[in-house]
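Working notes, structure below.
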Amino acid sequence: MKILVTGGAGFIGSALVRFIIEHTQDEVVNVDKLTYAGNLASLQSVSNNPRYHFELVDICNRAELDRVFAEHQPDFIMHLAAESHVDRSITGPSDFIQTNIVGTFTLLETAREYWQTLVLAKQNQFRFHHISTDEVFGDLPHPDDVCADQVAYLPKFTEQTSYAPSSPYAASKASSDHLVRAWCRTYGLPTIVSNCSNNYGPYHFPEKLIPLVILNAIEGKDLPIYGKGDQIRDWLYVEDHARALYKVVTEGKVGETYNIGGHNEQRNIDVVKAICGILDALLPKETSYAEQITYVTDRPGHDRRYAIDTTKISNELNWQPQETFATGLRKTIEWYLTHQTWCQHVQDGRYQGERLGLNS
Ligand code: NAD
């Protein structure tokens, strides 16, 4: 198979590209614009492999996409390219509308025209897999808002949950999910959508909670907690996500949606304390890293809880996360401690840990 991956230089995209090159015989065409979030340094281990190709292309550029499709003749599209940081979407939503909505539309139209030219056998085999987020569903009831005996019965997101996005990022991803589904229903383009919870792991850009806290901690800086830190996310190790995505594109049913999650609900404050505990053991200093925790103004519109019901992908595609939060978090911290050059390289001139996403 030849798989065209968009956003393959980003956090999840690079994990997916490394997975495909290292664990399958497929070819990859990585289509990426290399925004601040895209780093070819994350693909060093596969960049010389003859099954890996890179195209520096913006997914909003129809002429360039036409050229890439004509040259590479892909069998599958795995669409991850996006603006992905909620705080940035609050500060400046325009790029999110452009890439996440217009870019997805442009890619869909390119794929549709290309797909119509294929012979029937190739048309039937073709897949357009759109990679999305659980943030499209909005937030769920929180354990602090119900009686103790009700906590076990709190709902989770299923494939039937209605969309109710809260942030400009989530709204732009929700829009793109709707476009993808409509292109399947109206034009018959063989699409699949997956919606995943928060990812963590190596090569994560240090604007997101886990890498930001690790790097701030070892640099002796404050560890900012939004609001009370009681927001709950379901964390999934990025390599488990990459494995799930490959299963979805190769074994998933056309027109279907699959929710992907880590069975691992954690309050933000507990995630930060866990990082501090591991750092206290791996890189001890006089005082605990937890003393650097600082509470800051909450994110506007901050969703309180996300949780994923993975029954469908587990039953139909036999996928389960392999990493526990304890093992995945330790691996992640060890990776950041031993990859300081990557951290400096990706931050230089792009981002120095400043607070983004406040309304005023
Ligand atoms: P990321 O921000 O790390 O990477 C995005 C990549 O897309 C970068 O390489 C960037 O250069 C590229 N890109 C951006 N605009 C582009 C454009 N116009 N044309 C071509 N390339 C462009 O994102 P990520 O965290 O790896 O997320 C990947 C996908 O998975 C996104 O669609 C995101 O919505 C989704 N997702 C992310 C998470 C998460 O926890 N990070 C969870 C669920 C779903």
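In this simple spin-label model, placing a label point 7 Å from the Cα along the Cα-to-Cβ direction at both Thr294 and Arg51 gives a separation of 4.7 nm.
Within the listed set Ala152, Ala244, Ala281, the Gaussian network model of the chain (springs between alpha-carbon atoms below 10 Å) gives the highest mean-square fluctuation for Ala152. Annotation for region 29-125: chymotrypsin sites (Phe, Trp or Tyr not before Pro) lying in DSSP loop with at most 15 further Cβ atoms inside 10 Å of their Cβ are Tyr36. Restricting attention to the chain, lysine pairs at least eight places apart or on different chains and with alpha-carbon atoms under 21 angstrom apart total 23.
Roughly how many percent of the accessible protein surface of the chain is carbon and sulfur, given a 1.4 Å probe and a whole-percent answer? Exposed carbon and sulfur together represent 50 percent of the surface.
The residues of region 1-89 expose on average 36 square angstrom of accessible surface per residue, using a 1.4 Å probe on protein heavy atoms. For the pair Asp144 and Arg350, label points projected 7 Å from Cα toward Cβ lie 3.4 nm apart. Considering only the other residues whose Cβ falls under 12 Å of the Cβ of Asp280, what net charge follows from Lys and Arg at +1 and Asp and Glu at -1? Value of the local net charge: 0.
Computed about the Cα centre, the dipole magnitude for the chain is approximately 460 debye when only Lys and Arg (+1) and Asp and Glu (-1) carry charge, each at its Cβ.
Of the chymotrypsin sites (Phe, Trp or Tyr not before Pro) found in region 230-300, none is in coil by DSSP with at most 13 other Cβ atoms within 10 Å of its Cβ. Accessible surface for Glu334 stands near 80 Å², nearest 10, in the context of the full protein assembly shown (1.4 Å probe). Averaging Cα coordinates gives a centre for region 165-192 and one for region 290-354; these two points are 25 Å apart.
The values are calculated or read from the model by the stated rules, or taken from the named source; none is laboratory data. Fair warning: this is a prediction, and the values are worked out from it, not measured in the lab. Quick reminder, even Gly has a Cβ in these numbers, built from the backbone with ideal geometry, and neighbours come from all protein chains shown. Keep in mind that these areas ignore ligands, DNA and RNA; they rest on the heavy atoms of the full protein, side chains included. Shrake-Rupley method; radii C 1.70, N 1.55, O 1.52, S 1.80 Å.
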